[in-house]
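Derivation of every value follows stated rules applied to the coordinates shown; laboratory data play no part. Here the structure is a predicted model, which means the values were calculated and not measured. Methodologically, a virtual Cβ is constructed for each residue, glycine included, from the backbone with ideal geometry; neighbour enumeration extends over all protein chains shown.
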There are 2 protein chains.
Amino acid sequence: VGLIGGSIGLALRSQGRYVCGYDTSAANGAVALRLGCVSEMARTLEQAVSGSEIVVMSLPVRAIVELLPAVDIAASPSATIIDTGSVKRPVMDAAARLTGSTRVIGGHPIAGKEESGPAAADAGLFRRRPFLLTSVPGTRSESIEMALSLVHTLGAYPVRMTATEHDRVLARTSHLPQILSTALATTVGPERAGLSGPGLQDMTRLAMSDSVLWRDILLSNSDNVLDAARELAQELNRITSAIGSGDGDAVLDYMIGGRTAALTLRDASV
Amino acid sequence: VGLIGGSIGLALRSQGRYVCGYDTSAANGAVALRLGCVSEMARTLEQAVSGSEIVVMSLPVRAIVELLPAVDIAASPSATIIDTGSVKRPVMDAAARLTGSTRVIGGHPIAGKEESGPAAADAGLFRRRPFLLTSVPGTRSESIEMALSLVHTLGAYPVRMTATEHDRVLARTSHLPQILSTALATTVGPERAGLSGPGLQDMTRLAMSDSVLWRDILLSNSDNVLDAARELAQELNRITSAIGSGDGDAVLDYMIGGRTAALTLRDASV
């Protein structure tokens, strides 16, 4: 019942659904209960899962993979299981090994904020945001319908893709920006901190994210992340070559191309 | 009388100073006058400059270098000339060739916003922000005092350094972030626009900046920009090597190091 789980709980409860939460942190659970993210907090994972129509696993990828077998055993055979992890191949691979594999949907809401934990939960967090859904050819259609219904309830819009495609795309749109922000903050270094403007602040905000969470994401999508980093290094080579040769037209063309791409990114996200 | 010149005008006028503006764009001038950024708009550069105690050149670096000789001729011998350009060696080099070279101060306010033009001018834009000042051993002490007084009036704090040091530092804190943002937007590409989250938005905001302005900045500080890009590429190699070898401890250490640097950058800018 952190930021994502708590926000999903709030949104579901605002639609009159009954939400049973579970968290290994009793403090998190108390906050989630007080803020109305959940109808009740279960004392065990089994208790939270056993009576549910849909089980939402909002955890770091590594923990999702570890807990999936226990959730599969505890959940009712008719229940749908969905996660909200940032990398999808490890989740879908773990799901494939379960008895109830056909009722597991991979989920990834493209939303978030700097704060974490249930105190930052917001029923509107997913509104008009993409919610990526991954399934396999054998996935039960009832589970797909249930996942689409959840996404609809959150005010998000579903985008269906394979886990392979998800991890390839997210390596560019999320994991690459993360390592770039971190590498930039390291390059600038704290000794130049007094001379940073708003642009540098924007560019190093991602680097403040949780380090353990990101270690797990980067390691579990390493092939795609390395490909994306290579593509970025090539782009950096293109612009530095143009600068180094003093080719003003090439520099201008490059800056215009990047500006156009950035404006498209902005307009698409509104 | 764009964003920077207009904001300086607003701040000076709020302290009761008389401000004479000049702009090649009559439309910009009309907006600046209507919004109170200037007391009057001059019809020629000479008219704007001749009676002034201090001349503030708020233009792209290339235009500053081109116009400095005319400003030097038109300005009163006792006047101080300061600019607000993003690169300081070309300005100080151009100043060294003038008759009145000892009254030229290089200036660079570390402030800004996404909008440009006098309509976005804000008297508080520089408040509690660094305002970098460059001078040479022969610079007149009266001009240094006048520049410090201007910075004080804007509510900014002066940071004095050589033009060489300025261009070296800004290559890391400003010019490198700019090309990274542009290279990232290009790498992600418009076709993935629908899947971008708030982190990618932050990381590609700088890429929306004016392309011509940035071409000139990058070309006029190319040696330092290339050095900074090489440092960044080395950092990117360090994190991708750790990811590639599956070394979780090294990845975590790297992410923690970048996070610490980013938090220092944020705290220093508040």
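Here are a few things to note about the model shown:
- Selection within the stretch B:144-191 - more than 14 Å from every other protein chain (Cβ to nearest Cβ), aliphatic (A, V, I, L, M) and closer than 13 Å to residue B:88 by Cα: B:163
- For the stretch B:110-130, the set of residues classified as within 19 Å of residue B:25 (Cβ to Cβ), more than 13 Å from chain A (Cβ to nearest Cβ) and part of a loop (DSSP other than H, G, I, E, B) consists of B:116, B:117, B:121, listed by residue number.
- Looking at B:79, B:95, just one residue is touching an Asp or Glu at 6+ places or on another chain (Cβ under 7 Å) and within 20 Å of residue B:138 (Cα to Cα), and that residue is B:79.
- Per-region count, the stretch A:49-101, residues more than 17 Å from residue A:23 (Cβ to Cβ), buried (at least 22 other Cβ atoms within 10 Å of the Cβ) and of a type in the set (Ser, Thr, Tyr): 2
- Selection of the stretch B:143-159 for residues being in contact with a Pro (Cβ under 9 Å, 6 or more places away or on another chain) and among the β-branched types (Val, Ile, Thr) yields B:151, B:159.
For every residue, the table says whether it meets (1) surrounded by fewer than 23 Cβ atoms within 10 Å (Cβ to Cβ); (2) in contact with a strand residue (DSSP E or B) (Cβ under 8 Å, 6 or more places away or on another chain); (3) under 30 Å from residue B:115 (Cα atoms); (4) of a type in the set (Phe, Trp, Tyr).
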position: A:165; (1), (2), (3), (4): yes, no, no, no
position: A:181; (1), (2), (3), (4): no, no, yes, no
position: A:184; (1), (2), (3), (4): no, no, yes, no
position: A:195; (1), (2), (3), (4): no, yes, yes, no
position: A:199; (1), (2), (3), (4): yes, no, yes, no
position: A:205; (1), (2), (3), (4): yes, no, yes, no
position: A:234; (1), (2), (3), (4): yes, no, no, no
position: A:245; (1), (2), (3), (4): yes, no, no, no
position: A:267; (1), (2), (3), (4): yes, no, yes, no
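- Selected residue (only one of B:44, B:99 is without any contact (Cβ under 8 Å) to a residue 40 or more places away in the chain, within 17 Å of residue B:25 (Cα to Cα) and not aliphatic (A, V, I, L, M)): B:44
- Residues in the stretch B:193-238 that are small (Gly, Ala, Ser), over 22 Å from the mean Cα position of the chain (by Cα) and more than 30 Å from residue B:249 (Cβ to Cβ): B:193, B:194, B:196.
- Matching helices (runs of 4 or more DSSP H) fully within the stretch B:141-222 where at least 2 residues are in contact with a His (Cβ under 7 Å, 6 or more places away or on another chain): B:211-220
- Exactly one residue out of A:228, A:156 is on the phi < 0 side of the Ramachandran plot and out of contact with any strand residue (DSSP E or B) (no Cβ under 9 Å at 6 or more places or on another chain): that is A:228.
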